Amino acid sequence: MSLEKWVEYGWLRREPTSPDEIRSLLGIVDRSLADAKVEAVSTDLRFIAAFNAALCIATMALRATGYRTVTQAGHHAKTIESLELTLKSNARIVQKFKTLNNKRNKSVYDVAGAVSDQDLVAIVSLANELKDGAIAWLREIHPELLEG
């Protein structure tokens, strides 16, 4: 499968990006990871902040390749799945991210306290791993997006 196939299926649309947009998205990642460290708030909210950082990294990778998800049911799942096509993340990482997405959904929509300390550690670790990989990928594949 390719991102162009995803356009054909209506899951993505082509849209150019800019260094400013990529810098802004990386700023959101940094802010969200900092928020995830604030021990004065619940584990659930810290988890959500770290999850948002990881999702923003996946979004940034899509944007760097010139695509954007179409807002529809399941667009977060598509953003997560796109990591295999953008950053070349392995299926294990994507599956772990999808599992943590289910935890996020449960925490946001169903019940407080659905997230464990281990879940928090897992999403923070995943977000940091994705961030490191994304920055290396940008430097190698799209260095023009880091200029300015």
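Annotation: for a label point projected 7 angstrom from Cα along Cα→Cβ of VAL111, residues of the stretch 16-58 with backbone N closer than 15 Å are 44.
Working from Cα pairs under 8 Å separated by at least six residues, relative contact order for the chain is 31 percent.
Sorting 138-145, 77-84 by average packing, meaning the other beta carbons within 10 Å per residue, from highest down gives 77-84, 138-145.
Which FRET efficiency value, to the nearest 0.05, is calculated for GLU39 and ILE135 with the Förster distance at 22 angstrom and r the Cβ-Cβ distance?
0.25
Ranked by the mean number of other Cβ atoms within 10 Å of their residues, highest first, the peptides 128-135, 89-96 fall in the order 128-135, 89-96. Of the Cα atoms belonging to the stretch 3-146, the radius of gyration and Dmax stand at 14.9, 46 Å. The stretch 8-22 and the stretch 38-65 have Cα centres separated by 20 Å. Taking the average, over residues, of other Cβ atoms within 10 Å as the packing measure, peptides 48-55, 118-125 rank 48-55, 118-125 from highest down.
Read the figures in this text as sums done on the coordinates, not as results from a lab. None of these values were measured; they are calculated from a predicted model. Ideal geometry is used to build each Cβ from the backbone, glycine not excepted, and the neighbour counts take in all protein chains shown.
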